[in-house]
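The values are calculated or read from the model by the stated rules, or taken from the named source; none is laboratory data. In this text the structure is predicted, and so the values were computed from the model without any measurement. Neighbour counts are summed over all protein chains in view; Cβ atoms, including those assigned to glycine, are modelled from backbone coordinates with ideal geometry. For accessibility, only protein heavy atoms count, side chains too; no ligands or nucleic acids. Shrake-Rupley method; radii C 1.70, N 1.55, O 1.52, S 1.80 Å.
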Amino acid sequence: MTMGFVLGFTVSSLFLLSPQELQSDSIDIGTPEPLVAFTQPVPLPLLENGRPQLSPLPLAQEVWQCEVVVVGGSLGGVAAAAHAMQSGAITCLIELTPWLGGQISAQGVSAIDESRLMWESGTFSPSWTSFKALIQQQTVTLPSWVPVRSEQRVEDLNSCWVGRLCFSPHAGAAAAQKLLKAAAVSAPGSRWGTSIAFKGAEFDATGQLITTINAVRRLPHRSDYVPEGWFSTELGRWYSWQTDDVFAKQSLRLHAPPGKRLLVIDATDTGELVGWAGIPHHLGTEAKATTGEPNASLKANPDCTQAFTYPFVLALHNDHGASLKALARLQPDYSRQEHQREFSVKRYPMFQGLHNFFNYRRIISTTRNNPFYDTSVLGDMTVVNWNRGNDWNWMNPPLILTEQQLDTSGQRQNWKGGLETVALRSAQEHALLFAEWLMKTQAKLQFPLMLMRGSDAPMGTTSGLSMVPYIREGRRISGRSAYGQREFMIREMDLRKDLAGGRDFSRTAIAVTHYAIDLHGCRYRNWQASDEAASAPVKESDIRPLHIPLESLIPQGVDNLLIGGKSIAVTHIANAVTRTHYSEWSIGAAAGATAGWLVTEAPHNLAPAAITAKRLMPTLQRYLTSQGLRYRW
């Protein structure tokens, strides 16, 4: 049974949300912020239940009643909410950015990168296959200078060689919205919202059950508001409780209906709820002595998460120097020369020939010619997400705040994303300077390059960067005791064909995936030892199919929380496999279906951790199959 059938829609009924018009001659690079991430209030002590206390905590202006709350409208979060609603559970989802979909929309990675082995063996789930078909039917509105009809479907423009589906982020957001609308038919009373920031939670007296999620919604004062694409300055506004000159704010509380239980899914890309609540987790690299992984670093380093990236879109179009003129205004913290030393298109030709750079993640192909061999033409567009370009891997400072930094910064009382704004700003500058470098060094008379920006551009921002960065790795939970580990984690040995010590997780599997160990490494500016697992990357041919067990979604110390994305119990090395599009979708979908099953069909008040103890895994696995999910190879 496919997701399209289960959710009761046909792909021909899809639509694209209309963008607002924007008139702008320059790139808005935001208002420079000081080199301090957050103010330093006096931290408050933990409550008697061991959890943080919010201060301030405004009186809720709106209350949502939900049986399942999904924190984060990432790709995994959208899958989680859709499958929870398909189960009949009253489901609520909140998403920080204006767009649903995470990787495929607001983060700008709208080029699906999948395992070749999974394609050849036909092991993608019906749920994922149906969602990709949904994306392909979305309508894209093209600029007047593109030499084809202005209204086109994704499937009529799709031609890239990173994978089999590349598309405008606008289309990804629209598909996610349509999916949730269709799923909500099965769960009346469900709701979701974008431009809503997670602010914290409330727990019962034991500290083991979440009772409430607190959030703040922002409403632009101006009807023509467009995100800057300069998240380092926007972050503070987006998370603040207070109304300001850009946004009116509304405080929200999400909790269970009277007499009902609450299940919560953390589907944020950095594990925001996990970080805020102090739930045991790992950050950065683990030491070999901790994990036993042959290619782990000798020392752990919490600074060393995978590089993060601000994608942007270049078009083959002559804007008569407007893009370069706008970028010339940028005054980066580090010199242009220091940034430019990192840039290279490596051995790949730019526009012509086998495996050329432009066709790699080409999202608009007006001719749909062969992406492997043929040359792009005027009007074509490509998403740029390049490891020797806009990847930001410097740890000066690191992106994700540690437990100690969260304590001292006061973010446990007033959550502001748990991110370092200086790192965000440096990455933004690096991405725009790579766009400038490409236009200066790679463009030719017959191949002019233009940075796409504005509300009607693919990224939907005034800068042309993605609304938020593509974050490959954040906080990763420490699992409970399982499979011979006191604190369960999926490890390198569980992935590699050639390493001893791999375990069979099929008995408790809720998803199955496959991909190369694709690490985008970390480093310090002065090249001091990074403690990166530099020898870990291998091709997908060296990787065995990975059954993702239920235990990897269940954190320590909280009995009604599941992970619905990248923050599952994996090591830094294993995250390189489980962070990808299909992995994230599969994890989120399984988390949502499991939560829905617990609410609607499982024995009364059964906790996620009790499913295996009660020998109910076969029942749950049959249920996952009925929802169009796949947990076996």
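Structure notes:
- Considering only residues in segment 602-619 that are in a loop (DSSP other than H, G, I, E, B) and in contact (Cβ under 8 Å) with a residue 40 or more places away in the chain, the one that is least open to solvent (accessible area, probe 1.4 Å) turns out to be PRO608.
- Residue check, LEU546 touching a helix residue (DSSP H, G or I) at 6+ places or on another chain (Cβ under 7 Å), of a type outside the set (S, T, N, Q) and surrounded by fewer than 24 Cβ atoms within 10 Å (Cβ to Cβ): yes
- There is at least one residue in segment 388-403 that is in contact with a helix residue (DSSP H, G or I) (Cβ under 6 Å, 6 or more places away or on another chain), closer than 19 Å to CYS160 by Cβ and not hydroxyl-bearing (Ser, Thr, Tyr).
- Evaluated against (1) crowded, with 19+ Cβ neighbours inside 10 Å; (2) acidic (Asp, Glu); (3) over 30 Å from ALA79 (Cα atoms), GLU492 falls short on exactly one condition, (3).
- Listed by first and then second residue, the pairs with beta-carbon distance under 8 Å, at least 6 apart or on different chains, first residue in segment 325-343 and among the hydroxyl-bearing types (Ser, Thr, Tyr), second surrounded by 15 or more Cβ atoms within 10 Å (Cβ to Cβ) and assigned to a helix (DSSP H, G or I), are TYR334/SER426; TYR334/GLU429.
- Hits in segment 120-139 - residues which are open to solvent by 10 Å² or more (accessible area, probe 1.4 Å) and either in contact with a Gly (Cβ under 8 Å, 6 or more places away or on another chain) or under 23 Å from ALA82 (Cβ atoms) (or both): GLY122, PHE124, PRO126, THR129, SER130, LYS132, ALA133, GLN136, GLN137, THR139
- Residues in segment 466-499 that are assigned to a loop (DSSP other than H, G, I, E, B), within 27 Å of the chain's Cα centre (by Cα) and of a type outside the set (D, E, K, R): SER466, MET467, VAL468, PRO469, GLY474, SER478, PHE488, MET489, LEU495.
- Exactly one residue out of GLU338, GLU342 is over 30 Å from THR366 (Cα atoms), acidic (Asp, Glu) and in a helix (DSSP H, G or I): that is GLU338.
- Set VAL162, VAL185: member being surrounded by fewer than 24 Cβ atoms within 10 Å (Cβ to Cβ) and not assigned by the TED database to the domain that holds GLN86: VAL162
- Among the residues making up segment 393-420, those that are open to solvent by 10 Å² or more (accessible area, probe 1.4 Å) and among the β-branched types (Val, Ile, Thr) are THR402, THR408.
- The residues of segment 500-517 that are part of a loop (DSSP other than H, G, I, E, B) and crowded, with 19+ Cβ neighbours inside 10 Å, listed by number, are PHE505, HIS514, TYR515, ALA516.
- Filtered residue count, segment 280-289, keeping only those that are among the small types (Gly, Ala, Ser) and part of a loop (DSSP other than H, G, I, E, B): 1
- Among residues of segment 433-452, those that are over 27 Å from the mean Cα position of the chain (by Cα) and not in a helix (DSSP H, G or I), counted: 8
- Per the listing MET459, MET450, the residue uniquely surrounded by 24 or more Cβ atoms within 10 Å (Cβ to Cβ) and in contact with a His (Cβ under 6 Å, 6 or more places away or on another chain) is MET450.
- Selected residue [of a type outside the set (Val, Ile, Thr) and either outside the structural domain of ALA79 (by the TED database) or open to solvent by 30 Å² or more (accessible area, probe 1.4 Å) (or both)] from ARG622, ARG579: ARG622
- Within segment 241-253, tally of residues that are outside any strand (DSSP E or B) and in contact with an Asp or Glu (Cβ under 8 Å, 6 or more places away or on another chain): 0
- Considering the conditions (1) open to solvent by 60 Å² or more (accessible area, probe 1.4 Å); (2) closer than 20 Å to ASN414 by Cα; (3) at pLDDT 70 or above, GLN65 is excluded by exactly one of them, (2).
- When LYS181 is tested against the conditions (1) in a loop (DSSP other than H, G, I, E, B); (2) over 19 Å from the mean Cα position of the chain (by Cα); (3) under 19 Å from TRP585 (Cα atoms), the lone failure is (1).
- Being under 28 Å from the mean Cα position of the chain (by Cα), in the same structural domain as GLY460 (by the TED database) and assigned to a loop (DSSP other than H, G, I, E, B) is a property that TYR373 lacks.
- Some residue of segment 384-392 being among the β-branched types (Val, Ile, Thr) and either assigned by the TED database to the domain that holds VAL274 or open to solvent by 50 Å² or more (accessible area, probe 1.4 Å) (or both): no
- Residue within segment 204-216 that is touching a Pro at 6+ places or on another chain (Cβ under 7 Å), of a type in the set (A, V, I, L, M), surrounded by fewer than 18 Cβ atoms within 10 Å (Cβ to Cβ) and in a loop (DSSP other than H, G, I, E, B) present: no
- Residue match in segment 310-322 (condition: charged (D, E, K, R), modelled with pLDDT under 95 and open to solvent by 10 Å² or more (accessible area, probe 1.4 Å)): no
- Considering LEU219, LEU142, LEU157, the condition of being in contact with a strand residue (DSSP E or B) (Cβ under 9 Å, 6 or more places away or on another chain), buried (at least 22 other Cβ atoms within 10 Å of the Cβ) and of a type in the set (A, V, I, L, M) is satisfied by LEU157 alone.
- The number of residues in segment 254-279 being closer than 18 Å to GLN411 by Cβ, not charged (D, E, K, R) and not in a helix (DSSP H, G or I) comes to 5.
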